[in-house]
Amino acid sequence: MKKASSVVLSLIVAFAAFGSAGAEEAQKGAVYEVAVGQMADGDLHLSTMVPNIVYVHEGDSVTFANKDALAPHTVTFLAGEAPLSPENPASAAPTDASGVAWDGTRLLNSGMLFPGQSYTVKFTSAGAYSFYCVLHPDMKGVVVVVPRGQPIPSKAEQKAAVNQAIHNYKQHAQALRAMHDEVQYVRNDDGSLTYTVRAGVAADGILFNRYAPDTIVINEGDSVEWINDTHEGHMVVFNKPDDFAALVDGQMNMAAMAPAGGPTFDGTGFVSSGLLFHSSYKLTFTKAGVYEYQDPIFAGLGMTGKIVVVPKGAPKVVVNGEPLAFDGKLPRFHQGELITAIVPFMKALGGDVQWNDALSAVVANVGGKHELPAGLKKGKRINVVVNGKALGADEGTVVSIDGVSYASPEDIVRLLGGSYAWDGGSQTFYANVGVKQANAGHNHAK
């Protein structure tokens, strides 16, 4: 009996302590969190409030945290007043210190919140209160304040709704990424092409701080136009000097935001678009080569790109989204058929290439070694074997030019069970082998 009584007494004390803690929490109010911008996966940025609707009780607080990578934001409740202008320096200053108790009857502004900073508001009066970011007006949200004692979704339920929203954003982002990774171009009056690259991609609360597509192959004389229609500032910089600083103490260095270089590029010299904000930048490439570039503001987050320029008139081959390295062995046409050097093409597919002297054969294997086909004999023509299957020797699709073996990339892709596409407008062959999706190869000439 004494043991049982002690257990009951312990439970009573425990429940009393729990009740006291619960009462204390109710008195102080619960604390909820809203992310003001948020980095998701890799370069995916949620340019929105997460969640954009939060339910609280009177006396509860909401902490608004900037979880962006670089961009500053504000949390601004207008309370019926006119929107603040981002050009007005007063919009960058808080109307009240963080932790303010607010009843919804007057304007409340967090001032500028940089990544890692937060602002807390205690809501003292029931109502639905809209807020937004002065710098990015499309970023909006609502705090719904309910009288204490009335039901609201639990924190777990609200968290589940946030997770579902983020999942939906990611699904949308995948489709958006695939759409903008397709190569777009227009034909100019002189016959050259101008390719379009997005310097940042944004739609419906989603923002990629990346170039799309980030790698393209063009011909000498063609141009690339970078377009930024997002709310972030971006740059396009080739041959960045070591002392070039786009950011100083976390802030944009406006002295570095001016354009540099001319309208053409031969691979030499410092070239910069300057700061692009709802604007575009066009550059014509005059010399074959491989040119890497970056946005020095977001380069630390992986915002880099590559332009592969091949000689004027040469056809182009893209393997699993990457332009085929030309190093003197350019794809070409032979008797009206596109052919490409076998060794670099197979290496681009991740294959191993060997020469079999006994059979005068180029033997290529992707994904492991395969046995040579029976009956293969040494003859006048070069034999090519891909994953154990002879390729086109009888049809004459394998040729030797200056000691280099060439074959039809279409035949190779077919043997490997891959997919391919030919874009006649840009004279580009796209090969996809062993991947769910690379550059889809469906160029869209406008």
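The values are calculated or read from the model by the stated rules, or taken from the named source; none is laboratory data. Quick caveat: nothing in here was measured; it's all calculated off a predicted structure. Because the Cβ atoms are built from the backbone with ideal geometry, glycine has one as well, and the counts that use them run over all protein chains shown. For accessibility, only protein heavy atoms count, side chains too; no ligands or nucleic acids. Shrake-Rupley method; radii C 1.70, N 1.55, O 1.52, S 1.80 Å.
See the values below:
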quantity	calculated
Residue in the range 267-275 that is over 23 Å from the mean Cα position of the chain (by Cα), farther than 13 Å from residue 222 by Cβ and surrounded by 14 or more Cβ atoms within 10 Å (Cβ to Cβ) present	yes
Of all residues in the range 276-314 being in a strand (DSSP E or B) and among the aliphatic types (A, V, I, L, M), the one that is surrounded by the most Cβ atoms within 10 Å (Cβ to Cβ)	309
One residue from 112, 139 being out of contact with any Lys or Arg (no Cβ under 9 Å at 6 or more places or on another chain), surrounded by 14 or more Cβ atoms within 10 Å (Cβ to Cβ) and free of Cβ contacts under 8 Å to residues at least 60 places away in the same chain	112
Options 70, 84: the member that is modelled with pLDDT under 95, touching a Ser or Thr at 6+ places or on another chain (Cβ under 6 Å) and open to solvent by 30 Å² or more (accessible area, probe 1.4 Å)	84
Residues of the range 336-357 that turn out to be more than 19 Å from residue 387 (Cβ to Cβ) and either without any contact (Cβ under 8 Å) to a residue 24 or more places away in the chain or touching a Cys at 6+ places or on another chain (Cβ under 6 Å) (or both), as a count	2
Residues of the range 317-348 that turn out to be crowded, with 22+ Cβ neighbours inside 10 Å and not hydrophobic (A, V, I, L, M, F, W, C), as a count	3
Candidate set from the range 231-246 (those that are more than 16 Å from residue 306 (Cβ to Cβ) and without any contact (Cβ under 8 Å) to a residue 60 or more places away in the chain); member that is least open to solvent (accessible area, probe 1.4 Å)	246
Residue that is more than 17 Å from residue 45 (Cβ to Cβ), open to solvent by 30 Å² or more (accessible area, probe 1.4 Å) and part of a helix (DSSP H, G or I), where the choices are 178, 128	178
Criterion violated by residue 190 - all others in (1) within 30 Å of residue 50 (Cα to Cα); (2) without any contact (Cβ under 8 Å) to a residue 40 or more places away in the chain; (3) charged (D, E, K, R) satisfied	(1)
